[in-house]
Every structure is written in structure tokens, then in C-alpha cells.
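**Student:** Quick one: structure below, then a few questions.
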Amino acid sequence: MTSTTSTPLSAAGRPQPSAARAGHRTRRRMRKDLLRSRIAAWSAVAVIGAFGLLPVYWLLATALSTPESTFQFPPKLIPTDLTLGNFTALAENDQLIKYMVNSLVVASVTAVLSVVVATYMGYSFSKFRYRGRRSLMHLVLASQMFPQALLLVTLYAVFSSFGMLNTYTALVLSFTTFTMPLCVWMLKGIFDTIPDALLEAAAIDGASRWRTLHSIVAPLAAPGMIAAGLFAFVRGWNDFIFALTLADKEKQTLPPGLVSTYIGEFQTAWPQLMAASLVVSVPVIVAFMFLQRYLVGGMTAGSVKS
């Protein structure tokens with residue numbers, strides 16, 4: 001026989017006061033634990049947010065400060081002598097405008113070239129089976145293991161022998177060397193999620209493999225292609241060492257251009273440098289704002305294989 005324990009009931013058939021009080025204490029303890037967990041979570045969010053936004057705030061505060069107030073000690077958390085002269089000086093600097101044009105050209109071409117090549121390679125790795133396919137995939141992945149500076153001397157010698165130094169072509173090809181492998185694997189993961197039955201249906205309807213890729217597969221993989229292109233654009237926009245080594249001042253991009261303009265041997269123009277850094281980050285921020293939904297969709301599209 002099994003014995004069962006029941007809650008003591010009063011004459012009216014209701015739980016006795018002791019049981020009701022125990023249930024009330026349990027619910028109150030649960031509410032307190034939930035409140036503590038929420039406070040802890042929001043506190044962690046506030047700390048992490050402050051850690052991430054403090055450099056941005058300090059960048060803006062320095063950009064709006066005068067050179068004298070920048071070097072005050074102790075530094076002021078909230079600057080009082082505000083000025084827009086650091087920003088107006090940027091518009092009068094023709095060389096900085098040229099650096100920005102160079103960055104736009106090189107980063108845009110790098111993004112387009114990386115996406116085009118990665119689309120064909122990723123589609124080949126995903127939907128075709130041929131000898132050496134897996135070895136090529138591992139070779140593309142292994143290329144990400146080499147430090148970028150390790151290939152700088154080799155690329156410099158190659159571009160020099162072909163007379164390609166101080167050209168947009170040298171910068172684009174060197175940037176694509178490091179953006180394409182990740183783009184290939186991103187797009188391969190997305191192509192893996194496209195069912196083969198869709199391609200077979202297109203073949204039955206008479207579509208060639210070329211037509212299938214461009215008319216059916218590419219539109220479905222558009223979010224991933226945009227995400228890969230945005231990654232390649234940011235990589236080309238932010239590069240420093242290759243743009244400094246492979247190009248002269250006429251073809252240099254913004255990162256080495258800002259260093260050569262505002263950082264000297266004996267002093268650094270911090271307010272002007274911070275203002276320029278804030279301005280040159282605007283195109284990337286705008287691109288992320290407009291392409292955010294495509295970026296999230298493209299980064300997660302290949303995470304689960306259907």
C-alpha cells in the first residue's frame with residue numbers, strides 16, 4: 001500500500017492558514033529572486049554598454065575640445081571649451097578628401113570582387129562533387145591562419161616586379177587576399193541551406209547551371225552576399241599596413257593618411273585626429289544601419305543546414 005499526504009483542510013474545505021502562508025512565502029521569494037536576476041542582468045548590460053561607449057564618448061569629447069584643454073591635467077570628463085574648428089579644418093584639407101576617395105574606391109572594389117569570386121567558389125564547393133574539392137576547401141580555410149604581415153614582403157616583391165606598386169590594383173588584390181576566404185566559407189554555408197530539389201526542378205525546366213546560379217540561387221543568397229560584401233568593405237576600409245607599404249600618398253587610404261597627417265615626430269594633433277577619425281567612421285556606420293537586417297540574416301543563414 002502507498003501512503004499519500006494531503007494538504008490539511010479546514011472545515012470549509014479550504015487550505016489551512018499555515019499552508020497558505022507557506023505558499024505566499026514561496027511566491028514572494030520567487031518574485032525577489034526574479035527581481036534580483038533582472039537587476040543583475042541590467043547592471044551587466046549597463047557596465048558592458050559603458051565599457052563600449054566610453055571610447056566613443058571620449059573620441060567625441062576630444063574632437064570638440066581645443067588643443068589647450070586636451071592636455072589639461074587632470075583631464076575633464078565633460079569638456080567646457082567646445083569648438084567645431086577641428087571639423088571645419090577637415091573640409092579645407094584637400095589631401096584628406098583624396099584619402100577618403102581612395103578608401104571608397106579601394107574598399108568598394110574589394111567588396112565587389114570578393115563577393116563575385118566567393119559566390120562562384122562557394123557555389124562550386126557546395127553543389128558540385130569533384131576530385132580535390134575537399135583539399136581546395138581546406139586550402140582556402142588554411143589561408144586564414146597566416147599572419148597578414150607575413151605575406152607583405154612577398155606581395156611587395158610581386159607587385160614591384162609587375163610594376164603595380166602605388167596603384168589601386170595592388171591595394172585591391174592585397175585586400176582581397178584576406179577577405180575572400182571568409183567570404184567563400186560564409187557563402188558556402190548559405191548555399192548548403194538551399195535544397196538540391198530546387199536546382200533539380202530548374203534543370204528539368206531547361207535552365208542551365210549558369211542560369212540556375214544567377215536567376216535562382218543568387219537571389220536566395222542575397223542576404224549572405226550583402227553580409228560578405230560588408231565584411232570585405234570594412235576590411236578594405238580599415239587596413240593600415242598594406243596601404244602604407246604598397247601605395248604612396250597619391251593612392252594611400254585613410255588609416256595611413258591620418259597617421260601621416262596628424263602624427264608627427266615630436267607632437268600629435270589629437271583633437272584634429274579624433275575629429276577626422278569620427279568623420280571617417282560615418283560611412284561604415286551608415287552602411288551597417290541600412291544593411292543591418294541583411295547582415296544578421298546573412299550571418300545566421302548558413303548556421304543550420306536544412
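**Student:** When the residues of the stretch 137-165 are filtered to those that are over 29 Å from Ile226 (Cα atoms) and β-branched (Val, Ile, Thr), which remaining residue is surrounded by the most Cβ atoms within 10 Å (Cβ to Cβ)?
**Tutor:** The qualifying residue surrounded by the most Cβ atoms within 10 Å (Cβ to Cβ) is Val158.
**Student:** Quick check: is even one residue across the stretch 231-241 free of Cβ contacts under 8 Å to residues at least 24 places away in the same chain, over 19 Å from Met180 (Cβ atoms) and buried (at least 19 other Cβ atoms within 10 Å of the Cβ)?
**Tutor:** No, the stretch 231-241 has no match at all.
**Student:** Would you tally the residues in the stretch 108-136 being charged (D, E, K, R) and either open to solvent by 50 Å² or more (accessible area, probe 1.4 Å) or within 16 Å of Leu182 (Cβ to Cβ) (or both)?
**Tutor:** Looking only at the stretch 108-136, we keep the residues that are charged (D, E, K, R), and these are 127, 129, 131, 133-134.
Those left that are additionally either open to solvent by 50 Å² or more (accessible area, probe 1.4 Å) or within 16 Å of Leu182 (Cβ to Cβ) (or both): 129, 131, 134.
Qualifying residue count for the region: 3.
**Student:** Same structure again: For the stretch 52-64, check the following and say yes or no: at least one residue is touching a residue at least 40 places away in the same chain (Cβ under 8 Å) and of a type in the set (Val, Ile, Thr).
**Tutor:** Within the stretch 52-64, one or more residues are touching a residue at least 40 places away in the same chain (Cβ under 8 Å) and of a type in the set (Val, Ile, Thr).
The values are calculated or read from the model by the stated rules, or taken from the named source; none is laboratory data. The structure displayed is predicted, hence computed values, not measured ones. All Cβ positions, glycine included, derive from the backbone under ideal geometry; neighbour counts span all protein chains shown. We work out accessible area using only protein heavy atoms, side chains counted, and drop any ligands, DNA or RNA first. Shrake-Rupley method; radii C 1.70, N 1.55, O 1.52, S 1.80 Å.
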